[in-house]
Structures are given as C-alpha cells and as structure tokens.
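One structure is given below, encoded as structure tokens.
Bear in mind that the values in this text are calculations on the coordinates, not laboratory data. All of these numbers come straight from a predicted model, not from anything done at the bench. Cβ atoms come from the backbone with ideal geometry, glycine included; neighbour counts cover every protein chain shown.
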Amino acid sequence: MSSYSSLPVSRFEKLNLLGEGTYGSVFRARDKESGEIVALKKIRISSKEKSGGGGGFPLTSLREVSLLRYVHHPHIVELRHIAVGRKMDSIFLVFEHLQYDLADLLDRMSRPFTESETKTLMLQLLSAVNFLHQNFIVHRDLKLSNLLLDAKGRLKLADFGLARQFSNPLKAMTPKVVTLWYRAPELLLGTDKYHSAVDMWAVGCIFGELLRHRPLLPGKTELSQLALICDLLGSPNEKIWPGFTELHRMSGAAGDGDGGEPLSLPAQPYNNLSHQFSHLTEAGLDLLSRLLTYDPSKRITASKALNHPYFLEEPKPIPTELMPRFAPATIHTTTPTTAAAGNESVSAIPTSEAGSRSMYSNMSGMHPSSSTSLAASSTAIPPVGPVVSSSKKRKHESIV
Ligand code: ADP
Ligand code: MG
C-alpha cells in the first residue's frame, strides 16, 4: 500500500491505553465500521509545534509515517490508516493490533523463553531487521517493548519513530539514539557516522535478555553503560577495534559539556560471555559474541545472523504455531481521560472486563497446543507468574 486513507478518529472507539511511550500514547480501539481491533498511536504535538514554531507535525512521527509507507513485511507492524481529530492537535496512526509486547511478556512470565522459543523469536526479529537494512533503513530503537507478539506466536517490529534511511557514504546523524540499555558502544563513544550495525548490537542485547530473562546491560548513565559493557566483554583496545580511540568521547573531542576530557574506560581484560551464558552451546555463544562485537565493521550483519549455524542445531526453533500462548495483555488501569484529545470520546474499560483481565488474579498462562482463545479459556496452566521486574522499567528506560 503506497497511500493511506485518512479517516476521522470518531470512527474508532477507544478501549484502553496500551502504552505511553516517549513520543505518544497508544490506545487499543475498535473500528466502528469493520469491528476490527486496532492500535491508535496518538501523535504528541508540542505547543510550540501547534503554534507553528516547530513546523507542525513532529519529526519523529513524520519519519514514522514516511518510512512505514514503504515498509511492508510479515514481521513489521502494519500501518493501516491515518486518523485525524477535529482539532489539528490530534492525529493518530492506526496500526494493526497485536496482543502483547515482549517487555510486558517477559515481566509477566515466571520462566524464561526456552531456547527453541528464543530461536523462533530471534529469527523473526532478524528477518525484519534484515529487510530494513537491505532497504537502507536503520531502526535505531530496537528493544523488547518495540517487539510485538500476536496470539499466533508471530513477532512484529514496531515503533519507527527513530528509524532513518542511511546513505553510502554515511552522513552525520545524532549519536543520541537507541535506548541506553541497547545502545552500541560506538554511539556511547559519540560517533556520528554509524549505520545498521547499531541495530545488530541491540539485537545482541535482546538475544541475551531473552536467554537470561532479565536485561543484559541495564546501565543507568552512559558511563555506567560503558562500564557494564566492559565488565561483560572486556575493555576494547586498538587491536580488536582499530580507530576507537579517535571517537569523540575517547579523544575528548565531544562537545557535550563533559569538559572535553578524554574518557578512560575501566581496564578489564576478560570476556565473560561464556561464564554468563554457560548453558549456551558454542554456536550460541558465537552468535552472541558476533552480535556484541565492539568494532561495528566486524559486527555480524542481519543476513549472516539469519544463516548462523545456531539456528540449525538442536534444539531447533519451534514452529510459530506451537509458540506458547499467554493471558491477554494487561489492561492499564489508568483511564485514558486526559489522553483523550479533548473532544474525542473515550470508553473506559468496564470494571468487569478490567477485573477479569487483571494481571495477577487471572493469569491464564500458556497453552502450547491449544487453539482456543486465551481470553475465553478457563483451563489455564499457569507458567506466567508474579511480576519479576517492572515493565515500566524496561519500557521507559528511554533515550537520554
Ligand atoms: P513510543 O514511540 O511511544 O515508544 P510505540 O509505538 O513503541 O511508541 O508504542 C508504545 C507501546 O504501545 C508499545 O511498547 C506497545 O506496548 C504498545 N503498542 C504499540 N503499537 C502497538 C500495536 N500495534 N499493537 C499493540 N500494542 C502496541
Ligand atoms: Mg516504543
């Protein structure tokens, strides 16, 4: 689809808030005409932009729309329409709706994904990322909360707010991209000439997080992020990453208010990946270390990662239709009144529905071979346990 119909947002009945991200609120909504459930992403327009000072439509949303127009792939979320409210300050992107995001799911699962499940998720992610990179698009915000999963075990990549096309030769772009925990070392060290390899680092962090069931490198500041990376992989040096000492922050050339002092990284000589992932096979460790490779020019590409022997060895990736099923995603208890863009009506979730979907009271869990809708299912096997960490933590660990 190369052009989008623009619809009045009154055609959609808002049901509940799905997520409140960096750039806008996302609602679950029903298309009153087709009855279809969709996700409405409200575009946040700052007052400066409203008054014309910032040029109107925010850049992130403009990028999201313009890229998604051309990006159609089974593992990339589909933009269906653009909807407008009566006022120009309410514009919504209308997406197909998927039941879960992986950040929420991981927080709610009492056990990690198995290796077979992880392989299936990784292959789907890699196929989306490969497609983007083949089309010279870098996503720049790969993380679990931007990976959606449907009830049939299909993963789709979402949130193209930071995505950009890159060119050859590379043009300067801001290094302040990618949520800290997933941010590649070249970005942390201030490079402005980067490319698809930043996404592959993030894929490595996601791989580690899926295997470990907790974030791989949860830094709090850029410096602590670098320290965690050095802890896990050993400190970089000119031998393994030629030219890294000339990057802005290593040479003290960064004009970012840090006084221009060259950064000194902790001296840590050991790579601890094999200790941290002692259960992983040689092939698994090889893939993980090729993703988490310091030198971006040596980091594995998505197309090579897709063909990595890890995916061919036992345990094999599980067919998507056999992926575990989960209880419906949490219904946020916050009634999205303020987010309801003034003149648009918002339906609060009926108390009974909210209650029946409560995250802890009625976690129905997985039904590996069942085709029944989980929402309707009463025979629940409960592998989804109490929350182990806050999804908000994962989700809102945003760009700094
Ligand atoms: P932001 O730029 O604000 O992070 P996202 O597009 O990532 O925006 O959306 C925020 C959250 O909303 C996601 O993490 C996810 O939980 C939820 N979400 C977004 N799109 C969809 C969708 N198509 N289906 C279901 N949930 C979605
Ligand atoms: Mg997001």
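Report the percentage of all Cα-Cα pairs in the range 100-322 whose separation exceeds 23 Å, rounded to a whole percent. Value for the range 100-322: 46 percent of Cα pairs lie more than 23 Å apart.
As a calculated quantity, the FRET efficiency between residue 172 and residue 59 at R0 = 25 Å, using C-beta atoms, amounts to about 0.95. Only the Cβ atoms of Lys and Arg (+1) and of Asp and Glu (-1) were treated as charged; on that basis the dipole of the range 100-322 about its Cα centre amounts to roughly 340 debye.
In terms of surrounding Cβ atoms within a 10 Å radius of their Cβ, 205, 230 rank from fewest to most as 230, 205.
Place a point 7 Å from Cα of residue 279 in the direction of its Cβ. Which residues in the range 302-323 have their backbone N less than 14 Å from it? Hits in the range 302-323 for residue 279 at 14 Å: 315.
Ordering 28, 214 from the fewest to the most neighbouring beta carbons within 10 Å gives 214, 28. Multiplying the residue separation of residue 193 and residue 69 by 0.36 nm and removing their Cα-Cα distance gives an extension gain of 42.1 nm. Over the range 54-183, the Kirkwood radius and the radius of gyration, each from Cα atoms, give a ratio Rg/Rh of 0.99.
Between residue 214 and residue 152, the modelled labels are 3.6 nm apart [label points 7 Å from Cα along Cα→Cβ]. Lys-Lys pairs in the range 68-227 that are eight or more residues apart or on separate chains and whose Cα atoms lie under 18 Å of each other come to 9. Sorting 160, 136 by the number of Cβ atoms found within 10 Å of their own Cβ, with the fewest placed first, yields 136, 160. Between residue 304 and residue 84, the simple label model (points 7 Å from Cα in the Cβ direction) yields a spacing of 4.7 nm. In order along the range 63-73, phi translates into HN-Hα couplings of 5, 4, 5, 5, 6, 5, 4, 9, 9, 10, 7 Hz, rounded to whole numbers, per the Karplus curve 6.51 cos²θ - 1.76 cosθ + 1.60 with θ = phi - 60° and x for Gly and Pro.
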